[in-house]
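Here's the structure, in structure tokens; my notes come after.
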């Protein structure tokens, strides 16, 4: 019994430094990184072409983003944004409801923090339109390349490691037609995504 207690105490004594080292290594690995979770309000341009007008609805959604700064003013961001809305097309009795998944990679520039920290970004996106089961009108999913851009501010709350993020994001891409000729406008549009959320900086 005494031997078991001795072994257990020895293991605990060895584990504590290991955990501290692991924690320190994790902090070192995540230095100059931050993650954010944001709520998104989506509104998209109405576009026309080939005698067809595509009118998207407005919607809410969410975004998760990871950022790394490798210079005091420059870094990169990877983000995933989700929302669901529908497209109403001229001459079609029902709109096409779809989930929109946006995967983006961007460079971003940021200034020093004086009450708030301003930033701007530009990059590329993959926009996946996935029709819903009940409102998708049995059309096919579709992926489009896009260009994303945005600007905003980080607002620290009591400490530099946590705060609020307020941002406008936009993505420029070709309007979806879901492979259907009677839905094809061949027009390009901007989906606007103002967002607000929280970030944690390591």
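The Rg/Rh ratio of region 31-201, with both radii computed over alpha carbons and Rh defined as the Kirkwood radius, is 1.04. Taking other Cβ atoms within 10 Å as a rough exposure proxy, 81, 159 sort from fewest to most as 159, 81.
Each reported figure results from applying straightforward, stated rules to the coordinates on display, with no laboratory input. Since the model is a prediction, treat every value here as computed from it, not as a measurement. As a convention, Cβ positions derive from the backbone with ideal geometry for all residues, glycine included, and neighbour counts pool all protein chains shown.
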